[in-house]
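Written below as C-alpha cells is the structure these notes are about.
The values are calculated or read from the model by the stated rules, or taken from the named source; none is laboratory data. Values in this document were obtained by computation on a predicted structure and should not be read as measured data. Don't worry about glycine lacking a Cβ; one is built from the backbone with ideal geometry, like all the others, and counts go over all protein chains shown.
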Amino acid sequence: MSKILVTGGTGFIGSHTVVELHNAGYEVVIVDNFANSNPKILNQLKKITGKEFQFFELDLCDEAKVKAFVDQNADITGVIHFAAYKAVGESVQQPLKYYRNNLYSLINVINGFNADIDLVFSSSCTVYGQPDVLPVTEAAPVKKAESPYGNTKQIAEEILQDSCAVMPALKVISLRYFNPVGAHATALIGELPIGVPQNLVPFITQSAIGKRGPITVYGNDYATPDGSAVRDYIHVVDLAKAHVAAIRRMESKKASSNYEVFNLGTGKGSSVLEIIQAFEKSTGQKLNYTIGARREGDVEKVWGDVTKSTQELGWKAELDINEMMLSAWNWEKYLKDNPF
Ligand code: NAD
C-alpha cells in the first residue's frame with residue numbers, strides 16, 4: 001500500500017481527497033497547521049472512513065521541521081500539496097503573506113524530499129485570466145495574474161517546471177482547478193469559509209440559511225446568454241478523485257514527461273443566474289438576490305476543455321450542478337445543527 005502525504009489535508013479539497021485516497025486503498029498521512037481549517041475535520045474524516053489518519057500539525061514554511069518530518073516518514077511515496085492561502089482579496093492587501101506561505105511551503109516540500117518524489121500540485125484556472133478561446137485548453141497562454149494569490153499559482157508552476165527540467169527524480173502533475181463547489185454526500189465535510197464568503201456557492205448557502213443577507217449578482221451586462229458571469233463549476237468529490245488518478249498516473253509511469261498539467265472542470269459553463277436557479281430547484285429553497293455592479297478582477301466567462309484529462313488522466317467529472325447545490329446545502333444545514 002503506497003503512503004501519500006496530503007498537505008492541507010484538513011482543508012476543503014484536501015479533506016475530500018483524503019477520503020478518496022482511502023477509498024482507493026492508499027495509506028494517508030495528513031499535514032496541516034489549521035491556518036484555514038478546523039481540527040474537528042479529523043474526527044469527521046474518521047466518521048466517514050472509520051479510519052484515524054496519521055496527522056502532523058506542522059507549518060510547512062518551517063524548513064527544518066519539514067526536513068525532520070520527511071526523515072521520520074521515509075516511506076512516503078507521493079505528495080498532494082494543497083496547503084496554501086487562497087483568499088484573493090486578502091492577497092491584494094497582504095501580498096507578502098501570500099508569497100511567503102504559498103511559495104516557501106512548496107519549496108520546502110520539494111527540498112524536504114530531496115526532489116525525489118511524485119508531487120501533485122493545486123493550481124488554478126486563474127492562470128488563464130480571460131482566455132481568448134473557449135473552452136480553454138492547457139496550451140492556452142498564461143495571462144498576467146489579477147492578484148498576488150493568482151500570481152503565487154503562476155510562480156509555483158514555474159518553480160515546478162524549472163525544477164523538473166533539471167531534477168529527473170521529481171515528478172509533478174499540476175492540476176488547474178476550475179470552480180470547486182459542493183460537499184461530501186455524508187454532509188460531514190465541506191467548505192468552511194472564514195468571514196464573508198467571496199465565492200458564490202458558499203454565499204448562496206449562507207444566505208439561504210439566514211447567516212447572510214441577499215446575494216449580489218455582480219454584473220448582468222456581460223457578453224453571456226443571460227448577462228451574468230460564467231464559470232465551470234466542479235463537484236469537490238469529482239475533483240478529489242482526479243487527485244487519485246494523478247497519483248496513479250505517476251505511479252504507473254504513464255506520464256509523458258516529469259512535468260504535466262491538466263485542467264479539472266466539467267467542460268461546461270454555468271452562469272451565476274443559472275446557479276441560483278439550480279440551487280432553488282434542487283433544494284426547494286427560494287433565494288433572495290439583487291443585481292449589482294461588476295466586481296473588479298472578475299473575468300467574464302471561463303470554462304475548461306477537459307479532453308486531455310479525460311484521455312490521459314482517465315478521469316471525468318460525473319456529478320452535475322444539482323448534486324453540487326444539494327450537497328452544499330446539506331453541509332450548510334449540518335453546520336447549523338453541529339456548529340464547528
Ligand atoms: P483550504 O484553505 O480549505 O485548504 C488549505 C489548507 O492548507 C488549510 O487546511 C490550511 O490550514 C492549510 N495550510 C495553509 N498554509 C499552510 C502551511 N504553511 N502549513 C500547513 N498547512 C497550511 O483551501 P482549499 O479550497 O481546500 O484549496 C486547496 C488548494 O487548492 C489551495 O492550494 C488553493 O489555492 C487551491 N485552489 C483552490 C480553489 C478553490 O476555489 N477552493 C480553486 C483553485 C485552486
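Within the range 135-158, the set of residues being away from the ligand (no atom under 13 Å from the Cβ) and either acidic (Asp, Glu) or part of a loop (DSSP other than H, G, I, E, B) (or both) comprises 135, 137, 138, 139, 140, 141, 142, 143, 144, 146, 158. Counting the residues of the range 33-54 that are touching a strand residue (DSSP E or B) at 6+ places or on another chain (Cβ under 9 Å) and within 15 Å of residue 331 (Cα to Cα) gives 2.
Scanning the range 121-154 for residues that are of a type in the set (A, V, I, L, M, F, W, C) and closer than 21 Å to residue 6 by Cα yields a single hit, 121. Apart from one condition, residue 65 fits all of (1) in contact (Cβ under 8 Å) with a residue 24 or more places away in the chain; (2) within 11 Å of the ligand (Cβ to nearest atom); (3) among the charged types (D, E, K, R); the exception is (1). Regarding residue 73, is this residue in contact (Cβ under 8 Å) with a residue 60 or more places away in the chain and surrounded by fewer than 18 Cβ atoms within 10 Å (Cβ to Cβ)? When the stated conditions are applied, residue 73 passes them.
I need every pair where a residue in the range 165-188 that is over 18 Å from residue 241 (Cβ atoms) has its Cβ under 7 Å from the Cβ of a residue that is β-branched (Val, Ile, Thr) and within 16 Å of the ligand (Cβ to nearest atom), sequence separation at least 6 or different chains. Between residues of the range 165-188 that are over 18 Å from residue 241 (Cβ atoms) and residues that are β-branched (Val, Ile, Thr) and within 16 Å of the ligand (Cβ to nearest atom), the close pairs are 170/110. If you go through the range 211-246 and keep only what is among the charged types (D, E, K, R) and without any contact (Cβ under 8 Å) to a residue 60 or more places away in the chain, you end up with 211, 212, 226. Of 17, 10, all but one fail to be on the phi < 0 side of the Ramachandran plot, in contact with a helix residue (DSSP H, G or I) (Cβ under 6 Å, 6 or more places away or on another chain) and within 6 Å of the ligand (Cβ to nearest atom); the exception is 10. Residues that are of a type outside the set (A, V, I, L, M), in contact with a helix residue (DSSP H, G or I) (Cβ under 9 Å, 6 or more places away or on another chain) and in a helix (DSSP H, G or I) within the range 159-172 comprise just one, 163.
Quick check on the range 295-307. Is at least one of its residues at pLDDT below 95, basic (Lys, Arg) and in a loop (DSSP other than H, G, I, E, B)?
Restricting attention to the range 295-307, the residues satisfying the condition of being at pLDDT below 95 are 295-299.
Narrowing further to those that are basic (Lys, Arg): 295.
From what's left, in a loop (DSSP other than H, G, I, E, B): 295.
Yes, the range 295-307 has at least one match.
Candidates in the range 102-120 are the residues that are within 8 Å of the ligand (Cβ to nearest atom) and buried (at least 22 other Cβ atoms within 10 Å of the Cβ); of these, the one that is farthest from residue 4 (Cα to Cα) is 102.
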